Amino acid sequence: EYMGYHPDMKKTLLLLLLLPFSLMAAAQSREVLFSAAVQKERERITAERLALEAGFDAQDAVCYKKFFTNSCLKEVQVRRREAMGLLEQQEVALNDRDRKEKAAAQIKKTEEKSSPEAHVLC
């Protein structure tokens with residue numbers, strides 16, 4: 001003991017002071033990973049949408065060579081609507097998760113700023 005303090009007291013105090021910063025860094029890296037995953041999923045949906053559109057455009061071209069063009073085009077349109085509807089559902093769900101994650105991160109950031117520990121560190 002030195003002047004009434006245990007030798008490990010400084011280490012403990014330092015750890016307690018640095019803990020909020022390490023937690024913020026971990027939260028930020030989680031946000032970055034989530035954001036990257038969201039971006040990758042958006043790219044997948046866009047690529048799938050483009051591939052489907054190309055396929056449906058090719059089917060439309062085949063329809064124009066048939067005698068009953070209108071009925072063929074209507075069938076393609078129904079399949080197109082169903083496929084694009086599924087992609088739209090995936091996109092809406094992705095946007096919802098992204099919005100919720102951003103809102104939770106903002107709430108956490110606000111709570112960290114207003115916490116008593118934040119005032120002590122300032």
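Since every read-out is calculated from the coordinates, none of them should be taken as a lab result. Keep in mind the model is a prediction, meaning the values are calculated, not measured. In this analysis, Cβ positions are derived from the backbone assuming ideal geometry, glycine residues included, and neighbour counts consider all displayed protein chains.
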Dipole magnitude (debye, nearest 20) for segment 36-75, charges at Cβ of Lys, Arg, Asp, Glu
40 debye
What nm value, rounded to one decimal, do you get for the distance between LEU87 and ARG99 when each label is placed 7 Å out toward the C-beta?
2.2 nm
Taking 41 Å as R0, compute the FRET efficiency from the Cβ-Cβ separation of LYS74 and VAL38 and round it to 0.05.
0.70
3J(HN,Hα) from dihedral phi, segment 83-95, Karplus parametrisation 6.51/-1.76/1.60, rounded to Hz, x for glycine, proline:
5, 5, x, 5, 5, 5, 4, 4, 5, 5, 5, 5, 4
Give the aspartates and glutamates whose C-alpha is closer than 20 Å to that of LYS74, dropping any in the same chain fewer than 8 places away, or say none.
GLU53, ASP57, ASP60, GLU82
Expressed in nm to one decimal, what extension gain is obtained for the pair LEU52 and LYS108 from 0.36 nm per residue of sequence separation less their Cα-Cα distance?
16.2 nm
